[in-house]
Amino acid sequence: MCTLEKRGNVFFLTLTGDDEHCLNPTFISSIRSALSEVKSQSIPGSVLITSAQGKYFSNGFDLKWAKSASDGSPSKTIDLLLNMVDLFKLLVVDLVSLPMPTIAAITGHACAAGLVLAISHDYVLMRRDRGVLYMSELDIGITLPDYFIAMMRSKIGKPEARRDILLRGVKVKAEEAVAMGLVGSAHDDGESVLEAAVSMGEDLAKKKWDGEVYSEIRKSLYPELCEVLGLTTKDVANPRF
Ligand SMILES: CCCCCCCCCCCCC/C=C/C(=O)SCCNC(=O)CCNC(=O)[C@H](O)C(C)(C)COP(=O)(O)OP(=O)(O)OC[C@H]1O[C@@H](n2cnc3c(N)ncnc32)[C@H](O)[C@@H]1OP(=O)(O)O
């Protein structure tokens, strides 16, 4: 599951336990509850840092749960997966519209929906000693939801990087991910990636930006993604000059 902690202006969302942090309706709902709490406590200078315990950041949708909950019926499994696609989309909307800077510290493997969860944050840092980024959909024979693609097109600038991650199913370690433009920086281990995330978060918090303005400017950066997510933008002026 997940925990939420606040230290100063920085909120720490941690995916807890040493499991694969696979996303199913219950887990998605618990993360969304935490983000709702973060939003309700947001003030100028708030920042979110998301990380995970164990060797996985998130291994994507909980396929085991979907299969077991559908009594092995392939059509019911697909229906449950499609339901998770819809539920997870709301979580992505929460992150893309959160009124504060967001940082993902990738502390382990981030796959498929788990990688989308990570890059839904403004900044992505990754440990180099463990963990890969991997879009497994081609390997497991399923296509991607439109907002997954929109997120990839919005956050990964290089066409060859998008091609390799989606059409070659490459498993990307931190240094390669930095070179591909998937993550911003690579760090030695779990401790140092978290330290770097906290240092970045505290620097961003000092700016004490207006959260509503921050959220609207972020959304205006990603028109294709926001259209697919059903997010609109609006002009905001809370002048501080
Ligand atoms: C009719 C209608 C049609 C409808 C169509 C749509 C249908 C509806 C579907 C909609 C959904 C679509 C989108 C899907 C989203 C999803 O999320 S689906 C779920 C996807 N998830 C997965 O597929 C899981 C993928 N994960 C994996 O394959 C593995 O877990 C892994 C990530 C590859 C990790 O494998 P694992 O064996 O666990 O790895 P490790 O044991 O951790 O590591 C292996 C060795 O590698 C070493 N290592 C790891 N990282 C590093 C590193 N960075 N540097 C160096 N070495 C590393 C690690 O130490 C291991 O080494 P040894 O210990 O020596 O073995």
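The values are calculated or read from the model by the stated rules, or taken from the named source; none is laboratory data. Being a predicted model, the structure only gives us computed values, none of them experimental. Here Cβ is always computed from backbone atoms with ideal geometry, including for glycine, and neighbour counts include all displayed protein chains. For the accessible areas, the whole protein counts, side chains as well, though only heavy atoms, and no ligand, DNA or RNA atoms are used. Shrake-Rupley method; radii C 1.70, N 1.55, O 1.52, S 1.80 Å.
Meeting the requirement of 3 or more residues that are open to solvent by 80 Å² or more (accessible area, probe 1.4 Å), the helices (runs of 4 or more DSSP H) wholly within the stretch 152-209 are 159-167, 190-206. Counting the residues of the stretch 23-59 that are within 16 Å of the ligand (Cβ to nearest atom), open to solvent by less than 30 Å² (accessible area, probe 1.4 Å) and in a loop (DSSP other than H, G, I, E, B) gives 1.
Scanning the stretch 130-144 for residues that are in a loop (DSSP other than H, G, I, E, B) and more than 6 Å from the ligand (Cβ to nearest atom) gives Met135, Gly141.
Which residue pairs have Cβ atoms closer than 6 Å, lie 6 or more positions apart in sequence or on different chains, and pair a first residue in the stretch 109-121 that is over 15 Å from Tyr147 (Cβ atoms) and of a type in the set (A, V, I, L, M) with a second residue that is more than 8 Å from the ligand (Cβ to nearest atom) and part of a helix (DSSP H, G or I)? Final answer for the pair search is Ala110/Ala118. Considered as a group, the residues in the stretch 69-123 that are part of a helix (DSSP H, G or I) and of a type in the set (Asp, Glu) include one that is surrounded by the most Cβ atoms within 10 Å (Cβ to Cβ), and that residue is Asp94.
Among the residues of the stretch 66-93, those that are in contact (Cβ under 8 Å) with a residue 40 or more places away in the chain and either touching a strand residue (DSSP E or B) at 6+ places or on another chain (Cβ under 7 Å) or within 13 Å of Tyr147 (Cβ to Cβ) (or both) comprise Leu81, Met84, Val85, Leu87, Phe88, Lys89, Leu90, Leu91, Val92, Val93. Candidates in the stretch 211-220 are the residues that are touching a residue at least 60 places away in the same chain (Cβ under 8 Å) and open to solvent by 40 Å² or more (accessible area, probe 1.4 Å); of these, the one that is nearest to the chain's Cα centre (by Cα) is Tyr214.
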